[in-house]
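Contents: one structure, followed by commentary.
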């Protein structure tokens, strides 16, 4: 039967006015469709009406509410160079003024890793001032001074000797190292090899230098008998089989750059073999 087809039916045993007309219609038409309730987001919200509200200038306050008006921004004023007073220069405080000894020591160790030796020396001196019984800080301070002089191109053993001679004064140690050599040192650094040495003392050897690199560097000047590297003393000994090879190697390789450091070559204090 079609949706909109009507059919009249009569109830038995009743009057004609009791006749009831039944309409067979779809279920969706039999019930009245209810109106969908409004969602919360569709309902306009009222502004909060608490007792304490902060409004910007220009807003209309509500009745019975305590209003706190924000101050307006000041009008910018035109400044000239003559109206601005020059600020007094102040010496910045030392960064180690309020540090503990352990924190100062850690900062000094980091500065040494960055090769900032003067700042590391200052931090270590402050750590020793805070804790005079700290032997670790004293060892690091000595190492920082040696590294500071070695960074200028001097050998580490000579830097340690100069610091010991000048009372751990870096400036005085550098001046002592820059003084003219004595006659004994002139003989040890004379390329003509008046002492007849077959061995060479090579200073300022970096930890990254290997025996293979030294062999490749010194082999073109003669037959090498042996090479010994002392990394803890930052030096090496190169032994040739004849005297002329040692003299040529000293003359050609004096001040040669190896792994970022200038080599310092001289004859040893005594003949090794």
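Can you give me the number of residues within segment 227-261 that are at positive phi and touching a strand residue (DSSP E or B) at 6+ places or on another chain (Cβ under 9 Å)? Give the derivation first.
Initially, segment 227-261 is screened for residues at positive phi, giving 234, 255, 259-260.
Remaining after also requiring touching a strand residue (DSSP E or B) at 6+ places or on another chain (Cβ under 9 Å): 234, 255.
Of the residues in that region, 2 qualify.
I'd like the full set of residues that are at pLDDT 90 or above and not in a strand (DSSP E or B), limited to segment 228-241.
241
Considering only segment 208-237, how many residues are more than 18 Å from residue 156 (Cβ to Cβ), surrounded by 13 or more Cβ atoms within 10 Å (Cβ to Cβ) and in contact with a helix residue (DSSP H, G or I) (Cβ under 8 Å, 6 or more places away or on another chain)?
The number of residues fulfilling the criteria is 6.
Helices (runs of 4 or more DSSP H) wholly in segment 102-175 with at least 3 residues that are under 19 Å from the mean Cα position of the chain (by Cα) and buried (at least 16 other Cβ atoms within 10 Å of the Cβ) - which ones?
On the way: elements: 117-130, 135-150, 156-165.
Helices (runs of 4 or more DSSP H) meeting the threshold: 117-130.
The values are calculated or read from the model by the stated rules, or taken from the named source; none is laboratory data. Keep in mind it's a predicted model, so treat the numbers as computed, not measured. Note: ideal-geometry Cβ built from the backbone for every residue, glycine included; neighbour counts use all protein chains shown.
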